[in-house]
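The block underneath contains the structure these notes are about, expressed in structure tokens.
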Amino acid sequence: MPRSAWVRGNCIPLVADMSKITLQIELDEQQAKHYLQWLSSQYNLTMADVWYSDRYRNVPSGERGPKVLADVPHLLGICRTRKALEAQLSTVSTERSR
């Protein structure tokens with residue numbers, strides 16, 4: 001029987017063995033910077049909404065982050081996307097300064 005979780009009032013099915021998906025997008029530098037800002041705001045809004053919720057009130061601070069990421073897996077996707085985008089923007093900035 002498939003498991004599910006409630007996220008923001010919606011029932012989301014949990015998949016035990018997820019396939020890895022690779023995305024490749026092409027953005028100009030300005031678009032990339034704006035996309036990075038948007039990703040950061042989405043992460044911050046979601047994390048603020050979840051972090052201080054009653055569900056995690058009694059979870060020790062060192063365990064809270066991993067618990068939140070396990071319960072709200074799209075946050076991990078946002079984190080990975082942000083890191084990849086930051087790395088690409090850093091490369092562009094380094095190449096431009098030469």
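Values quoted throughout were computed directly from the atomic coordinates according to the rules given, and no laboratory measurement underlies them. Bear in mind that the values here come from a model prediction, so they are computed numbers and not experimental data. Using ideal geometry, Cβ is built from the backbone for each residue, glycine included, and neighbour counts are taken over all protein chains shown.
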- [ ] Highest first, please rank the peptides 70-81, 45-56 by the mean number of other Cβ atoms sitting within 10 Å of their residues.
- [x] 70-81, 45-56
Open item on the list: Residue by residue through the stretch 83-98, what is 3J(HN,Hα) from phi via Karplus (6.51 cos²θ - 1.76 cosθ + 1.60, θ = phi - 60°)? Round to whole Hz and write x for glycine and proline.
Closed with: 4, 5, 5, 4, 5, 5, 5, 5, 5, 4, 5, 5, 5, 5, 6, 7
Task: HN-Hα J in Hz across the stretch 60-75 - Karplus 6.51, -1.76, 1.60, θ = phi - 60°, x for Gly and Pro - done: x, 4, x, 9, 5, x, x, 5, 4, 5, 5, 7, 10, x, 5, 5
Open item on the list: Within 10 Å of each candidate Cβ there may be at most 13 other Cβ atoms; applying that plus a DSSP loop requirement, which GluC sites (Glu not before Pro) in the stretch 20-73 survive?
Closed with: GLU26
Open item on the list: With θ taken as phi - 60° and the coefficients 6.51, -1.76 and 1.60, list the Karplus ³J(HN,Hα) couplings across the stretch 33-38 in order, rounded to whole Hz; mark glycine and proline as x.
Closed with: 5, 5, 5, 4, 4, 5
Open item on the list: Treating only the Cα positions of the stretch 28-97 as identical point scatterers, give the base-10 log of I(q)/I(0) from the Debye formula at each q in 0.19 Å⁻¹.
Closed with: -0.77
